[in-house]
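**Q** To start, I am sharing the structure in question, which I have written as structure tokens.
What follows draws every value from the coordinates through simple rules; no lab data is involved. Quick caveat: nothing in here was measured; it's all calculated off a predicted structure. Heads up, the Cβs are rebuilt from the backbone with ideal geometry, glycines too, and the neighbour counts pull from every protein chain shown.
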Amino acid sequence: MPVFTYRAADRAGRTIDGVMEAYDPQAVVERLHRDNYFPLRVEPADARGRLGSLRAALTGPARVAARDLLTFTQQFSTLVDAGLPLERALAILGDLAAGPRLRQIVQDVGQSVRGGSTLADALTKHHPRPFSRLYINTVRAGEKGGVLEAALRRLTEHLEAMRELREAIRSALIYPALLATVGVAAVIFLMTFVLPRFAVIFADLDQTLPLPTRILLGVSDAMVAYWWVMALAVIGAALAWQVVSRSEPRRLAVDRLLLRLPALGDLLRKVEVGRVTRTLGTLLSAGVPLLGALGVAREVAGNRAIALALQTVQEGVKRGDGLARPMAESGDFPALAVHMVRVGEETGRVEEMLSRVAAAYETEIRVAVRRFVSLLEPAIILVLGVVVLGIVVAILLAILSINELPL
């Protein structure tokens, strides 16, 4: 989409400069008019802007990093809590934004707010990136209840908790991933570069080689000659997954299968339940009604089976069955989560209990990931060691058979 720079004036005569993506200059003018601005100048961006436009056309608009969104929310919460007017806080945040994409979004939100739009409605224009329905509904509830600073504080806590969990999992998996990548690369190098050199030597000797060596050389020849078949297989698997993921029945079947896997299924269930309960706790604490919070939680759930269970829970809440009973009847939520939610309903502290469930499962996830990694690292080393040892032994058997030739 083309990028345009503009200069506009508000009703008080103050001028602003900005950048906007639009199909043509007229679209920019119409957008400015909707935000109660009077355009003074609209023109295509420079070469740098056109390069960004080309990149946006190829890959879509640049994403806002999760850490940048967290920083923005923290700063926003601090400024609003200090008593600054919303327009002034957004103007300051526009100057503090971490990147050009976020800066443009904040400026656009500020213009909409100055034009009379609510903050939640201004954020909705940029849904789903970077503002999710969780983010927007929390802000809307805070605005309606007059506790926007508390809503932003809850959002900050939610984003911080999710960031810490992601960083913990990512940090734990870096070394095994690096180990596996280097090991696989080494095996491919041996099979496609080293072994063909030995194959030439063995062919010149015109001798029957041991069976392990013949098998190994056959695999090596296949990898060199038919590497494109393996590449097509990988691409085909990726395309097949895309087809499966776009088909709701197939994706639901795959997600249910994942939840039934030994050990891994329990971990995945805890990840999903932790994410869902964290979302519900955040929304309920901000004042979002339970039915609306469940609708948002369904979108947050990455597993279709859990999302379907949340739909069942939502229907049970509509019937007046409460939250804990439909959760138990669905059979997709762990007993700990069900019992703590039931206690929360009995004591009137559902949102607090949901947050505690999320915190408990996030702690279990960190422990489980560390335990999994502690087993994964030696398993990777063992498997790669066996493969490399097999290659070396096959080559040594051939060399020894050559040494046994009669002089």
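**Q** Arranged from highest to lowest average of other beta-carbon atoms within 10 Å per residue, in what order do the peptides 71-78, 339-346, 383-390, 351-358 appear?
**A** Ranking, from highest mean packing down: 351-358, 71-78, 339-346, 383-390.
**Q** How high is the relative contact order of the chain, in percent, counting Cα pairs under 8 Å that sit 6 or more residues apart?
**A** 13
**Q** Identify which of V64, V187, V234 has the largest mean-square fluctuation in a Gaussian network model of the chain, with springs joining Cα atoms closer than 10 Å.
**A** V234
**Q** Quick check on the chain: what are the equivalent-ellipsoid semi-axes from the Cα gyration tensor, as sqrt(5λ), descending, whole Å?
**A** For the chain, the ellipsoid semi-axes come out as 53, 33, 18 Å.
**Q** Separate question: Dividing the Cα radius of gyration by the Kirkwood radius, what Rg/Rh value follows for the range 66-158?
**A** 0.91
**Q** What's the center-to-center distance, using Cα atoms, between the range 309-339 and the range 355-407 in Å?
**A** Centre-to-centre (Cα) distance: 42 Å.
**Q** Quick one: what are the phi-derived ³J(HN,Hα) couplings along the range 357-374, Karplus 6.51/-1.76/1.60 with θ = phi - 60°, whole Hz, x for glycine and proline?
**A** Ordered by residue, 3J(HN,Hα) equals 4, 4, 5, 5, 6, 5, 5, 5, 5, 4, 5, 5, 5, 4, 5, 5, 5, 4 Hz.
**Q** Rounded to a whole number of µm²/s, how large is the Stokes-Einstein D of the range 218-263 at 37 °C and 0.692 mPa s, given Rh as the Kirkwood radius over C-alpha pairs?
**A** Rounded, D is 257 µm²/s.
**Q** Something else about it: Under a straight-distance cross-link criterion of Cα-Cα below 25 Å, which lysines are reachable from K318, leaving out those fewer than 8 residues away in the same chain?
**A** K144
**Q** Just how far, in whole angstrom, is the range 140-191 from the range 203-265 if you go by their alpha carbon centroids?
**A** The two parts, judged by their Cα centres, are 29 Å apart.
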